Amino acid sequence: MPDPIEVRKVPIESVTDASGLSRLIADGVIEAERVLAVIGKTEGNGGVNDYTRILADRAFREVLAEHGHPSPDSVPLVWSGGTDGILSPHATIFATTADAPASEEPRLSVGVAMSEVILPEDIGRPAMVEKVAAGVREAMKIAGIDDPRDVHYVQTKTPLLTLATITDAKSRGQDTAIEETGPSMDLSNSTTALGIAVALGEIEMPAAEQIHKDLSLYSSVASCSSGVELDRAQIVLVGNVRGIGGRYRIGHSVMKDALDADGIWEAIRDAGLPLPDRPHPSDLGGRLVNVFMKCEADPSGRVRGRRNIMLDDSDVHWHRQIKAAVGGVAASVTGDPAVFVSVAAVHQGPSGGGPVAAIADLG
């Protein structure tokens, strides 16, 4: 049986601020050597050259090292760049604990794993799907989860294409699925999501021509980000296990479109918080730790029948616009703008919508 989990959200007050993690350790809330993973939002542009992710990564690893973590470089730190609109930079920290109430009810468990190396020529192709799926299955074992239905959130970080990695593939006689670095972020995310869906039995193994094209294929629990920080899939799998003990539980649902606040409320209900038929943020009672979601501009260019111009806008990329819009919807539900909203959600939830996971403190 894996150890029970302590999970806390802390603000990030500047690009290199990791004081929230340091305070949790100093106050005895968590122990540095027990930190399993960190999932956070940084304030950069969210693009290929968003170095705020690297700065945050360095700051948090330095805190872990200062407080005695034996191998801080091995801890998965998954950073999603871009806090557009009212979104606020923050980090959610997962750690094991020796001090947790016993419970036979479903309680939070976390499994972390790394895939095999993902080569630049794998991105957007079945080889990447297979490598991610194998890593997800390993993370399930580590979390002590046998039934895929008990998995509610799989956060990944994978490599994208850069000019250097495209050149490397060519030097070995290989080609890449595309040669544009920016769009490779979306392609990496979508291929990873299919790997998660395959591992959890949500879909069969897709054909090469379905990747990033057949929008009927998706995972309802995948949240995939990519960047230049690593060369394999970094996987943080979160679900529930009976008998593990602890205070926390996770649930999930999907947003059917960018305005689907009910999808967020449904994820919170699935996490075990009782809510009235028409809930309000005041009904949460401080028991919601965080929500995690992916979003996507609807490829039809419409939301609930109304036209928008995100996909035609040459001034502000649609990534920034949809992230700000969904962030506002999410914050209106939680009453807190420090929510995890990430973009590029092809194969992650229904087209034009996205998956939502919620972690609740059940006391």
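The values are calculated or read from the model by the stated rules, or taken from the named source; none is laboratory data. This structure is a prediction, so every number in the text was calculated from the model and none was measured. We place every Cβ from the backbone using ideal geometry, glycine too, and count neighbours over all the protein chains shown. Surface areas here come from the heavy atoms of the whole protein model, side chains and all, with no ligands, DNA or RNA. Shrake-Rupley method; radii C 1.70, N 1.55, O 1.52, S 1.80 Å.
Numbers at a glance
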quantity	calculated
Ratio of the Cα radius of gyration of region 84-166 to 2.2 N^0.38 Å, where N counts its residues	1.43
Debye intensity ratio I(q)/I(0), log10, region 248-361, q values 0.10, 0.13, 0.21 Å⁻¹ (C-alpha model)	-0.28, -0.46, -1.06
Within region 76-151, GluC sites (Glu not before Pro) in DSSP loop having at most 11 other beta-carbon neighbours inside 10 Å	Glu104
Residue pairs, from the table Lys41/Lys170; Lys131/Lys294; Lys141/Lys170, whose Cα atoms sit over 25 Å apart	Lys41/Lys170; Lys141/Lys170
Gain in span if fully extended, Val29 to Asp214, counting 0.36 nm per residue against the direct Cα distance	62.1 nm
Cα pair distances of region 5-96 binned at 10 Å [whole percent]	19, 54, 24, 4
Dipole in debye (nearest 20) - the chain, about Cα centre, beta carbon charges: Lys, Arg +1; Asp, Glu -1	440 debye
For the chain, built as a Gaussian network whose Cα springs stay under 10 Å, the top-fluctuating residue of Leu64, Leu217, Leu24	Leu24
Euclidean distance between Cα centres, region 253-286 to region 26-46, Å	25 Å
Hull shadow area, averaged, region 176-325 [alpha-carbon convex hull, nm²]	12.2 nm²
Percent carbon-and-sulfur accessible area, the chain, ignoring ligands, DNA and RNA, probe 1.4 Å	48 percent
Overall Cα dimensions of the chain, principal axis frame, Å, largest first	54, 49, 40
Where a label projected 7 Å from the Cα of Arg302 along Cα→Cβ would reach, residues of region 324-363 with amide N under 17 Å	351-353
Residue-normalised accessible area of region 249-309, expressed per residue, 1.4 Å probe, Å²	51 Å²
D (Stokes-Einstein, µm²/s), Kirkwood Cα radius, region 107-239, 1.567 mPa s at 4 °C	89 µm²/s
